[in-house]
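For reference, the structure discussed in these notes is given below.
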């Protein structure tokens, strides 16, 4: 969502999704009426299926999706391995490995932070965070585009939201409203649920999957805080890859799928997720459960040693025959102090043109 970004995302136990590498299982028997464009479930670590029939989608590369400062969130400054952010009334200082340039704001601005991630442990309190003026408590109110939710000072240095994802959320909300029909959204590795809340507010029926009970509890709390308790969100605490495999066999379909896996993670029963090993089968299975009138399949990849062209090629092959367009590039946050762009992640998304 996240230090260096690789450590942040890897520390998210909620984002795990697969069993340890093992000898590939025999393919499941195909469901009736299934063709090469809707393959049977592919187990983790299995070789990906052949590319579905049909021409490759159109493509847009590179595409840079940018989030700028607003009243809810702003990247105030960055540099010397840190970033200074504003979340509503609170100023937060955290490590950022990619900020290798010099800071633009004077030291006094940085020292005025309300919360500072130190990485230290503290047996007498929360640990890892320091509050120079006054303790803010473990949870605190935040807002995104009119949606209230709870921030939390976690030991992983993140606070419950990844602001760069707002570009995807805004696009998804627009597409849901423009569909003029019931829309089903699947949010995999859903974490604290901001994407699920945005989709539900737009009128979609949402299935939110995360392997962490704590993350699911936090997401449910956010639904209440956002006053969206009456919206149809199904909260599922389960290994994401196993869930998708079962959905393939059940013949379930979704119009929009959000896929936000970590580079590495563990599931609730010790399942191991390795992005390069397991992502191809995960994407193939997501392709298999897209509806007959799909709207979008969105993949975000954090902290991997690869170009966005790698996931672009994977996504474009998986979406052969769907028409539409595959757009790939980077998510960036525009800094307020000096206007620099802080890159946070790679992405690739198929969208209905």
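Observations on the model:
- Extension gain (nm, one decimal) between residue 221 and residue 80, 0.36 nm per residue minus Cα-Cα: 47.2 nm
- Fewest-first ranking of 210, 260, using other Cβ atoms within 10 Å as the exposure measure: 260, 210
- With a cut-off of 13 Å on the backbone N, the residues of the stretch 184-204 near the modelled label site 7 Å out from residue 253 along Cα-Cβ are 184.
- Against the set (1) 96, 53, 40; (2) 54, 45, 39; (3) 65, 40, 40, the structure's computed Cα extents along the principal axes in Å falls on (3).
- Förster-model FRET efficiency, 35 Å R0, residue 313 and residue 174, C-beta, rounded to 0.05: 0.85
- The stretch 72-100 versus the stretch 152-189: alpha-carbon centroid distance in Å: 21 Å
- Working note: 222 nm ellipticity from helices only, DSSP H runs with n ≥ 4, each -39,500 (n - 2.57), summed and divided by the residues of the chain, gives -7000 deg cm²/dmol to the nearest 500.
- In the chain, the DSSP beta bridges split such that about 55 percent are antiparallel, to the nearest 5.
- For the peptides 224-233, 105-114, 290-299, the ranking by mean Cβ contacts within 10 Å, running from highest to lowest, is 290-299, 224-233, 105-114.
- Compared with the alpha-carbon gap, the fully stretched path from residue 306 to residue 230 is longer by 23.2 nm at 0.36 nm per residue.
No lab work stands behind these numbers, since they all come straight from the coordinates. Quick caveat: nothing in here was measured; it's all calculated off a predicted structure. Backbone-built Cβ (ideal geometry, glycine too); neighbour counts: all protein chains shown.
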